[in-house]
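I have placed the structure first, in the form of C-alpha coordinates, so that the comments after it can refer back to it.
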Amino acid sequence: MLYDVAVIGAGPGGYAAAVRAAELGLKTICFDPMRNPDDASEAGLGGTCANVGCVPSKALLAASLAYARAGRGEEAFGIAPAEIAPDVQRIQSHRARTVRDSNKGVAMLFRAAGVEFVARAAAFEGKGEKGWMLKDAQGAAYEARHVIVACGTTPRELPGVPFDEKVICSNTGALAFDAVPETLGIIGAGVIGLELGSVWSRLGSRVTIFDMAQTLLPFAGDAVGKAALKELSGQGLAFELGVAVQSVERTDAGVRVVVKRGETSNEYTFDKLLIAIGRRSAVEGVNPAAAGLDVSPAGIIETDAVCRTNLEGVWAIGDVKSGPQLAHKASDEGRAVAERIAGLSRAPHVCPVPSVVYTHPEFAWVGMTDKEAKAAGLEVRTGKAAFAHNAMARACCETTGFVQLVCEAASGRLLGAQAVGSEAGNLIAALAEAIAFGATDEDLSLVIWPHPGMSEAIFDAAQASLRNAKTRRTAAV
(Lines give C-alpha, C1' and ligand atoms only; values in the text may rest on other atoms or scores of the structure.)
Protein backbone atom coordinates (compact mmCIF):
# COMPACT_ATOMS: atom_id res chain seq x y z
CA MET A 1 0.00 0.00 0.00
CA LEU A 2 1.22 3.51 -0.83
CA TYR A 3 1.23 6.11 1.95
CA ASP A 4 1.74 9.85 1.67
CA VAL A 5 3.82 9.90 4.85
CA ALA A 6 5.60 7.22 6.86
CA VAL A 7 7.03 8.24 10.22
CA ILE A 8 9.73 6.10 11.84
CA GLY A 9 9.40 6.74 15.56
CA ALA A 10 6.47 7.66 17.81
CA GLY A 11 8.29 9.91 20.23
CA PRO A 12 7.48 13.62 20.69
CA GLY A 13 8.73 14.48 17.19
CA GLY A 14 7.35 11.44 15.42
CA TYR A 15 3.86 11.43 16.87
CA ALA A 16 3.52 15.21 16.45
CA ALA A 17 4.51 14.83 12.78
CA ALA A 18 2.16 11.90 12.21
CA VAL A 19 -0.84 13.57 13.84
CA ARG A 20 -0.31 16.86 11.98
CA ALA A 21 0.17 15.10 8.65
CA ALA A 22 -3.04 13.11 9.10
CA GLU A 23 -4.93 16.23 10.17
CA LEU A 24 -3.87 17.82 6.89
CA GLY A 25 -5.40 14.97 4.91
CA LEU A 26 -2.26 12.93 4.22
CA LYS A 27 -2.46 9.13 4.44
CA THR A 28 -0.05 8.52 7.32
CA ILE A 29 1.53 5.50 9.00
CA CYS A 30 3.82 5.53 12.03
CA PHE A 31 6.20 2.80 13.26
CA ASP A 32 7.70 2.31 16.74
CA PRO A 33 8.73 -0.89 18.56
CA MET A 34 8.92 0.62 22.06
CA ARG A 35 6.96 -1.20 24.76
CA ASN A 36 5.56 0.11 28.02
CA PRO A 37 8.39 -0.31 30.57
CA ASP A 38 6.06 -1.88 33.14
CA ASP A 39 3.99 -4.07 30.81
CA ALA A 40 5.71 -5.31 27.67
CA SER A 41 2.38 -6.48 26.27
CA GLU A 42 1.41 -2.84 25.70
CA ALA A 43 2.86 -0.47 23.09
CA GLY A 44 4.90 2.37 24.51
CA LEU A 45 3.76 5.26 22.34
CA GLY A 46 5.46 8.53 23.17
CA GLY A 47 9.03 7.31 22.82
CA THR A 48 11.79 7.74 25.38
CA CYS A 49 10.13 10.92 26.65
CA ALA A 50 6.88 9.27 27.71
CA ASN A 51 8.30 5.94 28.84
CA VAL A 52 11.75 6.35 30.35
CA GLY A 53 12.53 10.06 30.13
CA CYS A 54 10.75 13.38 30.61
CA VAL A 55 7.38 12.15 31.85
CA PRO A 56 8.31 9.44 34.40
CA SER A 57 11.16 11.55 35.78
CA LYS A 58 8.72 14.39 36.48
CA ALA A 59 6.38 11.96 38.21
CA LEU A 60 9.22 10.88 40.51
CA LEU A 61 10.36 14.46 41.02
CA ALA A 62 6.86 15.49 42.11
CA ALA A 63 6.48 12.52 44.44
CA SER A 64 9.91 12.91 46.01
CA LEU A 65 9.43 16.65 46.54
CA ALA A 66 6.11 16.01 48.28
CA TYR A 67 7.84 13.47 50.53
CA ALA A 68 10.75 15.80 51.30
CA ARG A 69 8.42 18.66 52.18
CA ALA A 70 6.26 16.49 54.40
CA GLY A 71 9.26 15.18 56.28
CA ARG A 72 10.89 18.59 56.62
CA GLY A 73 7.79 20.51 57.59
CA GLU A 74 7.42 24.26 57.11
CA GLU A 75 7.67 26.24 60.33
CA ALA A 76 6.49 29.38 58.56
CA PHE A 77 3.28 27.60 57.59
CA GLY A 78 2.68 26.05 61.01
CA ILE A 79 3.42 22.51 59.78
CA ALA A 80 5.42 20.37 62.16
CA PRO A 81 8.01 17.99 60.73
CA ALA A 82 6.75 14.41 60.49
CA GLU A 83 8.47 11.06 60.98
CA ILE A 84 7.69 9.33 57.69
CA ALA A 85 9.24 6.82 55.33
CA PRO A 86 8.89 6.71 51.54
CA ASP A 87 6.63 4.01 50.10
CA VAL A 88 8.65 3.28 46.99
CA GLN A 89 6.08 0.83 45.66
CA ARG A 90 3.35 3.48 45.67
CA ILE A 91 5.72 6.07 44.24
CA GLN A 92 6.58 3.69 41.41
CA SER A 93 2.88 3.00 40.89
CA HIS A 94 2.39 6.72 40.38
CA ARG A 95 5.22 6.78 37.83
CA ALA A 96 3.82 3.72 36.02
CA ARG A 97 0.31 5.19 35.91
CA THR A 98 1.67 8.46 34.52
CA VAL A 99 3.55 6.58 31.78
CA ARG A 100 0.54 4.42 30.89
CA ASP A 101 -1.73 7.47 30.67
CA SER A 102 0.80 9.16 28.38
CA ASN A 103 0.87 6.08 26.11
CA LYS A 104 -2.91 6.10 25.96
CA GLY A 105 -2.94 9.82 25.22
CA VAL A 106 -0.79 9.37 22.12
CA ALA A 107 -2.91 6.41 21.00
CA MET A 108 -6.02 8.58 21.35
CA LEU A 109 -4.42 11.31 19.21
CA PHE A 110 -3.60 8.72 16.53
CA ARG A 111 -7.16 7.39 16.48
CA ALA A 112 -8.67 10.87 16.34
CA ALA A 113 -6.43 11.97 13.47
CA GLY A 114 -6.59 8.68 11.56
CA VAL A 115 -2.91 7.70 11.88
CA GLU A 116 -2.20 4.02 11.21
CA PHE A 117 0.20 2.69 13.85
CA VAL A 118 2.50 -0.32 13.63
CA ALA A 119 4.12 -1.35 16.92
CA ARG A 120 7.26 -2.62 15.23
CA ALA A 121 10.56 -1.22 14.00
CA ALA A 122 10.86 -0.16 10.36
CA ALA A 123 13.87 0.35 8.12
CA PHE A 124 14.67 1.47 4.59
CA GLU A 125 14.77 -1.10 1.81
CA GLY A 126 15.50 1.35 -1.00
CA LYS A 127 13.63 3.35 -3.65
CA GLY A 128 10.31 2.10 -4.97
CA GLU A 129 8.29 3.01 -8.06
CA LYS A 130 6.37 5.82 -6.36
CA GLY A 131 8.23 6.41 -3.11
CA TRP A 132 10.53 4.92 -0.50
CA MET A 133 10.30 1.26 0.41
CA LEU A 134 10.26 0.29 4.09
CA LYS A 135 10.15 -3.08 5.78
CA ASP A 136 9.04 -3.70 9.36
CA ALA A 137 10.50 -6.17 11.85
CA GLN A 138 8.15 -8.92 10.66
CA GLY A 139 9.07 -8.45 7.00
CA ALA A 140 5.94 -6.59 5.89
CA ALA A 141 6.65 -4.07 3.13
CA TYR A 142 5.38 -0.49 2.83
CA GLU A 143 5.86 2.35 0.36
CA ALA A 144 5.63 6.07 1.15
CA ARG A 145 6.13 9.22 -0.87
CA HIS A 146 7.64 10.91 2.17
CA VAL A 147 9.51 9.38 5.11
CA ILE A 148 10.14 11.27 8.35
CA VAL A 149 12.97 9.74 10.36
CA ALA A 150 12.34 10.34 14.06
CA CYS A 151 14.00 7.28 15.58
CA GLY A 152 15.65 9.21 18.41
CA THR A 153 18.55 8.10 20.57
CA THR A 154 19.68 5.50 23.08
CA PRO A 155 21.72 5.99 26.29
CA ARG A 156 25.45 6.28 25.73
CA GLU A 157 27.51 3.64 27.54
CA LEU A 158 30.99 4.01 28.97
CA PRO A 159 33.37 1.90 26.88
CA GLY A 160 33.42 -1.63 28.22
CA VAL A 161 30.71 -0.91 30.82
CA PRO A 162 27.37 -2.31 29.61
CA PHE A 163 24.13 -1.44 31.34
CA ASP A 164 22.55 -4.25 33.37
CA GLU A 165 19.77 -1.85 34.52
CA LYS A 166 19.96 -3.34 38.02
CA VAL A 167 23.22 -1.98 39.41
CA ILE A 168 24.86 -0.19 36.48
CA CYS A 169 21.97 1.77 35.03
CA SER A 170 20.92 4.16 32.35
CA ASN A 171 17.97 6.45 32.98
CA THR A 172 15.73 3.43 32.33
CA GLY A 173 17.01 1.48 35.32
CA ALA A 174 17.39 4.51 37.59
CA LEU A 175 13.72 5.37 37.12
CA ALA A 176 12.60 1.92 38.25
CA PHE A 177 14.46 1.21 41.51
CA ASP A 178 12.20 -0.81 43.80
CA ALA A 179 13.97 0.45 46.92
CA VAL A 180 15.96 3.54 47.82
CA PRO A 181 19.66 2.74 47.36
CA GLU A 182 21.72 3.61 50.41
CA THR A 183 24.34 5.09 48.09
CA LEU A 184 23.99 6.17 44.47
CA GLY A 185 26.78 7.28 42.17
CA ILE A 186 26.01 9.29 39.06
CA ILE A 187 28.42 9.88 36.19
CA GLY A 188 27.25 12.99 34.35
CA ALA A 189 25.94 16.24 35.82
CA GLY A 190 23.55 17.09 33.02
CA VAL A 191 19.78 17.26 33.20
CA ILE A 192 19.29 13.51 33.72
CA GLY A 193 21.95 13.28 36.41
CA LEU A 194 20.70 16.30 38.35
CA GLU A 195 17.02 15.36 38.17
CA LEU A 196 17.36 11.69 39.09
CA GLY A 197 20.01 12.56 41.65
CA SER A 198 17.50 14.91 43.27
CA VAL A 199 14.79 12.24 43.25
CA TRP A 200 16.78 9.59 45.11
CA SER A 201 18.54 12.08 47.39
CA ARG A 202 15.18 13.41 48.59
CA LEU A 203 14.05 9.86 49.31
CA GLY A 204 17.12 9.16 51.45
CA SER A 205 19.98 8.03 49.22
CA ARG A 206 23.49 9.45 49.62
CA VAL A 207 24.18 10.71 46.10
CA THR A 208 27.54 11.60 44.57
CA ILE A 209 27.68 13.12 41.07
CA PHE A 210 30.83 13.09 38.94
CA ASP A 211 31.52 15.23 35.88
CA MET A 212 34.49 16.27 33.76
CA ALA A 213 33.31 19.88 33.67
CA GLN A 214 34.54 22.28 36.33
CA THR A 215 31.09 23.83 36.78
CA LEU A 216 27.45 22.76 36.65
CA LEU A 217 25.33 23.56 33.59
CA PRO A 218 28.09 25.59 31.86
CA PHE A 219 25.86 26.13 28.79
CA ALA A 220 23.26 27.91 30.94
CA GLY A 221 25.57 30.71 32.05
CA ASP A 222 27.69 31.40 35.13
CA ALA A 223 24.85 32.68 37.30
CA VAL A 224 22.72 29.58 36.74
CA GLY A 225 25.64 27.19 37.19
CA LYS A 226 26.74 28.76 40.46
CA ALA A 227 23.18 28.77 41.78
CA ALA A 228 22.72 25.10 40.82
CA LEU A 229 25.87 24.05 42.65
CA LYS A 230 24.96 26.04 45.75
CA GLU A 231 21.33 24.96 45.97
CA LEU A 232 21.75 21.27 45.13
CA SER A 233 24.82 20.89 47.36
CA GLY A 234 22.78 22.45 50.15
CA GLN A 235 20.14 19.76 49.62
CA GLY A 236 22.70 17.03 50.23
CA LEU A 237 23.97 16.10 46.76
CA ALA A 238 27.76 15.69 46.68
CA PHE A 239 29.60 16.86 43.57
CA GLU A 240 32.98 15.80 42.28
CA LEU A 241 33.63 18.14 39.35
CA GLY A 242 36.63 18.30 37.06
CA VAL A 243 37.29 14.56 37.31
CA ALA A 244 37.84 11.84 34.73
CA VAL A 245 36.40 8.37 35.23
CA GLN A 246 39.20 5.80 35.20
CA SER A 247 37.22 2.60 35.73
CA VAL A 248 33.84 1.18 36.64
CA GLU A 249 33.61 -2.38 38.01
CA ARG A 250 30.67 -4.43 39.23
CA THR A 251 31.45 -6.01 42.62
CA ASP A 252 29.67 -8.14 45.21
CA ALA A 253 29.04 -4.96 47.21
CA GLY A 254 27.66 -3.04 44.24
CA VAL A 255 29.87 -1.05 41.90
CA ARG A 256 33.34 0.43 42.27
CA VAL A 257 34.16 3.72 40.55
CA VAL A 258 37.67 5.15 40.25
CA VAL A 259 38.05 8.77 39.21
CA LYS A 260 41.11 10.94 38.68
CA ARG A 261 41.63 14.64 39.34
CA GLY A 262 45.00 15.80 38.15
CA GLU A 263 47.46 13.16 39.34
CA THR A 264 45.27 11.92 42.19
CA SER A 265 42.95 8.93 41.90
CA ASN A 266 40.09 8.23 44.27
CA GLU A 267 37.93 5.14 44.65
CA TYR A 268 34.22 5.04 45.54
CA THR A 269 31.80 2.18 46.11
CA PHE A 270 28.06 2.54 45.52
CA ASP A 271 25.01 0.33 45.76
CA LYS A 272 23.83 1.64 42.38
CA LEU A 273 25.39 3.64 39.57
CA LEU A 274 23.63 5.82 37.00
CA ILE A 275 25.62 6.58 33.86
CA ALA A 276 24.18 9.75 32.32
CA ILE A 277 26.85 10.90 29.85
CA GLY A 278 24.54 11.72 26.99
CA ARG A 279 22.70 9.82 24.30
CA ARG A 280 23.71 8.47 20.89
CA SER A 281 21.77 8.37 17.65
CA ALA A 282 19.70 5.27 16.88
CA VAL A 283 19.88 5.93 13.14
CA GLU A 284 21.61 2.64 12.28
CA GLY A 285 18.36 0.87 13.13
CA VAL A 286 16.66 2.41 10.08
CA ASN A 287 19.30 1.05 7.65
CA PRO A 288 20.30 4.45 6.19
CA ALA A 289 22.79 2.88 3.76
CA ALA A 290 19.98 1.12 1.88
CA ALA A 291 18.55 4.48 0.89
CA GLY A 292 21.82 6.41 0.58
CA LEU A 293 20.96 8.68 3.52
CA ASP A 294 23.78 11.02 4.55
CA VAL A 295 24.77 10.39 8.17
CA SER A 296 27.72 11.98 9.97
CA PRO A 297 30.38 9.85 11.74
CA ALA A 298 28.62 10.70 15.00
CA GLY A 299 25.38 9.20 13.69
CA ILE A 300 23.63 12.51 13.09
CA ILE A 301 21.51 12.74 9.93
CA GLU A 302 22.60 15.66 7.78
CA THR A 303 19.74 18.10 7.07
CA ASP A 304 19.17 21.63 5.86
CA ALA A 305 17.48 24.34 7.92
CA VAL A 306 14.00 22.87 7.34
CA CYS A 307 14.88 19.23 8.14
CA ARG A 308 15.31 18.00 4.54
CA THR A 309 17.94 15.31 4.07
CA ASN A 310 20.01 14.65 0.95
CA LEU A 311 17.19 12.41 -0.34
CA GLU A 312 14.09 13.82 -2.00
CA GLY A 313 11.10 13.09 0.21
CA VAL A 314 13.14 12.00 3.26
CA TRP A 315 13.18 14.22 6.33
CA ALA A 316 14.81 13.97 9.76
CA ILE A 317 13.62 15.50 13.03
CA GLY A 318 14.40 15.48 16.74
CA ASP A 319 17.39 13.96 18.47
CA VAL A 320 18.64 12.15 15.36
CA LYS A 321 19.56 15.47 13.73
CA SER A 322 21.61 18.40 14.96
CA GLY A 323 20.40 20.70 17.72
CA PRO A 324 19.38 20.31 21.36
CA GLN A 325 17.99 16.90 22.30
CA LEU A 326 14.71 18.18 23.71
CA ALA A 327 11.18 16.88 23.27
CA HIS A 328 9.61 20.26 22.53
CA LYS A 329 12.18 21.01 19.85
CA ALA A 330 11.42 17.65 18.19
CA SER A 331 7.65 18.25 18.33
CA ASP A 332 7.99 21.64 16.70
CA GLU A 333 10.14 20.19 13.93
CA GLY A 334 7.65 17.35 13.40
CA ARG A 335 4.69 19.67 12.95
CA ALA A 336 6.70 21.94 10.68
CA VAL A 337 7.79 19.08 8.42
CA ALA A 338 4.24 17.74 8.17
CA GLU A 339 3.02 21.17 7.12
CA ARG A 340 5.76 21.54 4.52
CA ILE A 341 4.90 18.13 3.05
CA ALA A 342 1.28 19.29 2.82
CA GLY A 343 2.36 22.34 0.85
CA LEU A 344 2.27 24.89 3.65
CA SER A 345 5.21 27.16 4.44
CA ARG A 346 6.56 27.15 7.98
CA ALA A 347 10.02 27.40 9.52
CA PRO A 348 10.93 24.79 12.16
CA HIS A 349 11.50 27.40 14.87
CA VAL A 350 10.60 31.03 15.36
CA CYS A 351 12.66 31.46 18.54
CA PRO A 352 15.50 29.82 20.47
CA VAL A 353 14.65 26.54 22.19
CA PRO A 354 14.15 26.90 25.98
CA SER A 355 15.71 24.43 28.42
CA VAL A 356 14.64 23.54 31.97
CA VAL A 357 16.09 21.39 34.74
CA TYR A 358 13.10 20.39 36.88
CA THR A 359 14.83 20.14 40.23
CA HIS A 360 13.75 22.38 43.09
CA PRO A 361 14.48 25.17 42.49
CA GLU A 362 14.21 24.87 38.73
CA PHE A 363 17.00 26.08 36.47
CA ALA A 364 15.98 27.44 33.06
CA TRP A 365 17.44 29.35 30.15
CA VAL A 366 16.70 30.41 26.59
CA GLY A 367 18.67 32.19 23.89
CA MET A 368 22.09 33.71 24.54
CA THR A 369 23.97 34.21 27.78
CA ASP A 370 25.78 37.53 28.13
CA LYS A 371 29.11 35.81 27.37
CA GLU A 372 27.73 34.17 24.22
CA ALA A 373 26.30 37.47 23.01
CA LYS A 374 29.58 39.29 23.57
CA ALA A 375 31.50 36.47 21.86
CA ALA A 376 29.19 36.98 18.86
CA GLY A 377 30.27 40.62 18.72
CA LEU A 378 27.13 42.07 20.29
CA GLU A 379 27.14 44.85 22.86
CA VAL A 380 24.70 43.92 25.60
CA ARG A 381 23.10 45.12 28.76
CA THR A 382 21.59 42.91 31.43
CA GLY A 383 18.92 43.22 34.07
CA LYS A 384 18.52 40.93 37.06
CA ALA A 385 15.78 40.65 39.67
CA ALA A 386 15.97 38.43 42.76
CA PHE A 387 12.92 36.59 44.09
CA ALA A 388 13.89 37.81 47.57
CA HIS A 389 12.10 41.04 46.60
CA ASN A 390 9.01 39.36 45.14
CA ALA A 391 5.83 39.39 47.23
CA MET A 392 4.51 36.02 46.03
CA ALA A 393 7.90 34.39 46.58
CA ARG A 394 7.98 35.67 50.15
CA ALA A 395 4.43 34.51 50.79
CA CYS A 396 5.26 31.01 49.53
CA CYS A 397 8.76 30.78 51.09
CA GLU A 398 10.21 30.49 47.57
CA THR A 399 12.66 33.40 47.67
CA THR A 400 15.57 31.43 46.17
CA GLY A 401 16.60 32.50 42.69
CA PHE A 402 16.31 35.24 40.13
CA VAL A 403 15.35 36.25 36.60
CA GLN A 404 18.07 37.69 34.36
CA LEU A 405 17.62 39.29 30.95
CA VAL A 406 20.28 39.70 28.27
CA CYS A 407 19.43 42.55 25.91
CA GLU A 408 21.07 44.22 22.94
CA ALA A 409 22.55 47.46 24.23
CA ALA A 410 21.44 49.74 21.41
CA SER A 411 17.86 48.56 20.98
CA GLY A 412 17.01 46.74 24.20
CA ARG A 413 15.95 43.70 22.13
CA LEU A 414 15.83 40.57 24.24
CA LEU A 415 18.59 38.13 23.22
CA GLY A 416 18.35 35.60 26.02
CA ALA A 417 17.23 34.98 29.58
CA GLN A 418 18.03 32.80 32.56
CA ALA A 419 15.89 31.96 35.56
CA VAL A 420 16.32 30.11 38.83
CA GLY A 421 13.35 29.51 41.11
CA SER A 422 10.30 27.44 41.88
CA GLU A 423 8.55 28.53 38.65
CA ALA A 424 11.59 29.12 36.45
CA GLY A 425 10.30 26.82 33.70
CA ASN A 426 7.04 28.74 33.30
CA LEU A 427 8.82 32.09 33.38
CA ILE A 428 11.34 31.05 30.74
CA ALA A 429 8.42 30.02 28.51
CA ALA A 430 7.12 33.59 28.67
CA LEU A 431 10.58 34.92 27.87
CA ALA A 432 10.97 32.53 24.92
CA GLU A 433 7.72 33.99 23.60
CA ALA A 434 9.09 37.49 24.10
CA ILE A 435 12.20 36.63 22.07
CA ALA A 436 10.03 35.12 19.34
CA PHE A 437 8.10 38.34 18.96
CA GLY A 438 11.17 40.57 19.09
CA ALA A 439 10.33 42.16 22.43
CA THR A 440 12.61 44.65 24.15
CA ASP A 441 13.22 45.27 27.83
CA GLU A 442 11.00 48.35 27.49
CA ASP A 443 8.20 46.20 26.04
CA LEU A 444 8.44 43.87 29.03
CA SER A 445 8.36 46.83 31.41
CA LEU A 446 5.10 48.03 29.85
CA VAL A 447 3.29 44.69 30.29
CA ILE A 448 0.91 44.63 33.27
CA TRP A 449 2.06 41.57 35.23
CA PRO A 450 -0.37 40.10 37.80
CA HIS A 451 0.26 40.98 41.44
CA PRO A 452 1.27 39.22 43.52
CA GLY A 453 2.98 36.86 41.11
CA MET A 454 6.36 35.33 40.45
CA SER A 455 6.14 36.77 36.93
CA GLU A 456 6.60 40.27 38.35
CA ALA A 457 10.30 39.37 38.48
CA ILE A 458 10.31 39.70 34.69
CA PHE A 459 9.09 43.28 35.04
CA ASP A 460 11.71 43.99 37.71
CA ALA A 461 14.48 42.51 35.53
CA ALA A 462 13.30 44.62 32.59
CA GLN A 463 13.38 47.73 34.75
CA ALA A 464 16.90 46.85 35.88
CA SER A 465 18.00 46.45 32.26
CA LEU A 466 16.54 49.85 31.40
CA ARG A 467 18.39 51.42 34.32
CA ASN A 468 21.57 49.90 32.92
CA ALA A 469 20.95 51.38 29.48
CA LYS A 470 23.14 54.27 28.36
CA THR A 471 20.06 55.94 26.88
CA ARG A 472 16.36 55.31 27.37
CA ARG A 473 13.66 55.95 24.86
CA THR A 474 10.87 58.16 26.12
CA ALA A 475 7.39 56.89 25.43
CA ALA A 476 4.97 59.34 23.84
CA VAL A 477 2.39 60.66 26.24
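The values are calculated or read from the model by the stated rules, or taken from the named source; none is laboratory data. This one's a predicted model, so the numbers in the text were calculated from it and none came from an experiment. All Cβ positions, even for glycine, are placed from backbone atoms using ideal geometry, and neighbour counts span all protein chains on display. Note: areas computed on protein heavy atoms with side chains; ligands, DNA, RNA excluded. Shrake-Rupley method; radii C 1.70, N 1.55, O 1.52, S 1.80 Å.
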In the neighbourhood of G131 defined by beta carbon distances under 13 Å, the net charge of the other residues (Lys, Arg +1; Asp, Glu -1) is -1
Chymotrypsin sites (Phe, Trp or Tyr not before Pro) lying in DSSP loop within the stretch 333-437, provided at most 13 other Cβ fall within 10 Å
F437
If packing is taken as the average count of other Cβ atoms within 10 Å, what order do 158-170, 115-127 fall into, highest mean first?
115-127, 158-170
C397 accessible area, assembled protein chains, probe 1.4 Å, Å²:
60
Taking a ≥ b ≥ c as the square roots of the eigenvalues of the Cα gyration tensor of the stretch 348-477, is the shape rounded (a/c under 1.5), prolate (a/b larger than b/c) or oblate?
oblate
For L415, which sequence-distant residues (separation of 5 or more, or a different chain) have an amide H within less than 5 Å of its own amide H, given hydrogens modelled in the peptide plane?
V406, C407, E408
Where does the charge balance sit around G278 when Lys and Arg score +1, Asp and Glu -1, over other residues with C-beta under 15 Å from its C-beta?
-1
Matching label for the computed Rg/Rh (Cα atoms, Kirkwood Rh), out of (1) 1.09; (2) 0.99; (3) 0.96, is (2)
Taking a threshold of 23 Å on the Cα-Cα distance, which of the pairs K226/K371; K226/K374; K230/K374 fall above it?
K230/K374
Taking placed amide H atoms and a strict 5 Å upper bound, the residues 5 or more places from S247 or on another chain that come that close are V258
May I ask you to give the percent of accessible area on the chain that is carbon plus sulfur, with a probe radius of 1.4 Å?
52
Taking θ = phi - 60°, what integer Hz values does the Karplus form 6.51 cos²θ - 1.76 cosθ + 1.60 yield along the stretch 366-380, in sequence order, with x for Gly and Pro?
8, x, 8, 7, 5, 5, 5, 5, 5, 5, 7, x, 9, 8, 10
Any lysines with Cα under 27 Å of the K130 Cα? List them, leaving off those in the same chain fewer than 8 positions away.
K27, K321
